[in-house]
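Here the structure is laid out as structure tokens; the discussion comes afterwards.
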Amino acid sequence: MCMKSTSHFKMTIAWVCLIGILCSASVKGLKSNLVVDIEPKRQTAVRLGESLQILCRVGRPLLVCRVEIPGEAGGIVLSKGQPPEDGIEYYGEGTETGQCGVNIAKIKESHDGIFKCTVTPTDNRAEAQASVRIIVAKPPKSPELHASPGSYGRNTYRKGEKLEVSCSAPSGRPAANVSLFLDDEPIGNEERPTIYDSNVDDISLAVQNATRSLDWTDNGKVLRCVASHIALDRPKETTMQLQVFYPPQPQPNIERFGYVIGREGIVNVTVYANPRPHFLWRVNDEKIAEGHPDESNRIETSTAVDLGRGAWSVILTIDSVQKSDTDKEYILEARNDEGASEYRIVLSTSTEPADIDLDAGSIIGIVVGALVLILIVFLLIFARATGRWCFAARRRGDEEAASGVGAGSEAHITPGDEDEEDHEDPRIIDEKMPQGGQENPIHASTEYVNGRTDVKEPKKDEKTDTPV
């Protein structure tokens, strides 16, 4: 009896444990099936003092809507119709629709952190949560620009030299967006910016690198490191101007037009070089240093004028242009430590020819127009040769004319087309034909059969051919 009671007791305990396990699994299943959708889904950055709305939703009415805001003590239970406290109030269409949201009127520095919403449905005692990171934006410090040193100093390079540059913006929250420019030209786009972010004291560092082979046209350009950020009203910028040394750049022969005999003539030449070159003029075989006249005092050269960014203006003045001046050879020599170049100048009293500068669109239009014209000519030739299109009526007229000649000849010799009294028996025609006309019987009979009555008799004084 005692053993029977013991086994029954064990069975009862087993059933109780099984029911407990099933209930626990059921509760976990209900809890796991309760999914909370949160907006925004990803971490969001907001400026200090701006408003922020966060909304959590489930697919069933809610019994409890509780939120945890960084920097605010404990959890806050919210429901529709509650008055706001410290700028925090319920946001959404109501807990009965399954919405649990919060509106923060003014974001504080302390609100940076993890936001949580916890909901309890009316048909379930299990809670469900969702969270999102709130980033209270903090502007970065001034961007820093670092460049590899040049051959002549920190920011002075030679043509063809490789420039390595780095742009960084530290301490932004979130990390700043950094960009590199040479004047207004973006550089370094082939390399994605590198972001170094740390959760310790919100330290971040955004870096953009670039590499460029410098050309003479880069001289005088400004290297710009630009940092933009949600917490900035306008981007921050750090700049550095580049100096690129290069020899005087070559140019094709320089032509100058419109000189008038007896009047002053001015020859202006612009040379690109850095650093400043030394200039020397050669007029035929005579050398003239810059800023000096020639032996005749008719020709004088000026000192080079700096136009900026390596451009130099050099002027040669002829006191009174003579015809012989247009036949002379003018050569300007420019030389600096990087190299030298010579520029040949040709003078003319003729007017400058019109410069016809066609762009790509104009050239394409001319080519297409020429092709269309050729096609039209070809089609006209083809239509005329084959009697098509506009030449079809002419071809039909030619064919009808050709067929009409043949039909008319036959009609005159076919019985029944005219009255019988207008024709005579062919035997009578043969009897009436003169003997002298037997040399050309076809011609004689044709004239008669065709009804020609205007055949003239030969004059008496005219000789007639008789057979010998």
Rounded to the nearest 0.05, FRET efficiency between residue 302 and residue 164 (Cβ-Cβ, R0 45 Å) equals 0.65
Report the label-to-label distance for residue 133 and residue 276 in nanometres (one decimal), using points 7 Å from each Cα along the Cα→Cβ vector. 5.7
Can you give the Kirkwood hydrodynamic radius of region 91-137 from its Cα pairs, in Å with one decimal? 12.5
Quick one: divide the alpha-carbon radius of gyration of region 34-93 by 2.2 N^0.38 Å and tell me what you get. 1.19
Report, in debye and to the nearest 20, how large the dipole of region 211-315 comes out about its Cα centre when Lys and Arg carry +1 and Asp and Glu carry -1 on their Cβ. 520
Separation of alpha-carbon centers, region 212-279 and region 121-177, rounded to whole Å: 33
What is the set of long-range amide H partners of residue 155 at a cut-off below 5 Å, with H atoms built 1.01 Å from backbone N? 150
Treating only the Cβ atoms of Lys and Arg (+1) and Asp and Glu (-1) as charged, compute the dipole magnitude of region 275-357 about its Cα centre; round to the nearest 20 debye. 120
Reported to two decimal places, what Rg/Rh ratio describes region 165-293 when computed on Cα atoms with Rh from the Kirkwood expression? 1.28
Ranked order, 263, 212, 335 - accessible area, probe 1.4 Å, largest first: 263, 335, 212
If you add up the charges near residue 348, with Lys and Arg at +1 and Asp and Glu at -1, over every other residue whose beta carbon is less than 9 angstrom from its beta carbon, what do you get? -1
How about region 187-285: which chymotrypsin sites (Phe, Trp or Tyr not before Pro) there lie in a loop by DSSP and see at most 16 other Cβ atoms within 10 Å? 257
The FRET efficiency for residue 114 and residue 191, from their Cβ-Cβ distance with R0 = 25 Å and rounded to 0.05, is 0.15
Within region 75-139, DSSP-loop GluC sites (Glu not before Pro) with at most 15 other C-beta atoms within 10 Å are 93, 127
Count charges around residue 184 for me, please; just the other residues with Cβ under 10 Å from its Cβ, Lys/Arg as +1, Asp/Glu as -1. 0
Residue-wise, which Karplus ³J(HN,Hα) couplings in Hz belong to region 302-314, taking 6.51 cos²θ - 1.76 cosθ + 1.60, θ = phi - 60°, and x for glycine or proline? 9, 6, 4, 9, 7, 8, x, 6, x, 9, 10, 9, 10
Dipole of region 112-186 [Lys/Arg +1, Asp/Glu -1 at C-beta], most positive-end residue of 153, 167, 135: 153
Could you check how much of the accessible area of region 110-179 is carbon and sulfur, as a whole percent, using a 1.4 Å probe? 43
Distant alpha-carbon pairs in region 243-394 (separation over 19 angstrom), percent: 65
Only Lys, Arg (+1) and Asp, Glu (-1) charged, at Cβ; region 31-130 dipole about Cα centre in debye: 280
Per residue, how many Å² of accessible area does region 281-322 show with a 1.4 Å probe? 53
Taking the solvent-accessible surface of protein heavy atoms with a 1.4 Å probe, what is the per residue accessible area of region 122-209 in Å²? 56
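The values are calculated or read from the model by the stated rules, or taken from the named source; none is laboratory data. In this text the structure is predicted, and so the values were computed from the model without any measurement. Here the Cβ is made from the backbone with ideal geometry for all residues, glycine too, and neighbour counts use every protein chain on show. Surface accessibility is based on the protein's heavy atoms, side chains included, excluding ligands, DNA and RNA. Shrake-Rupley method; radii C 1.70, N 1.55, O 1.52, S 1.80 Å.
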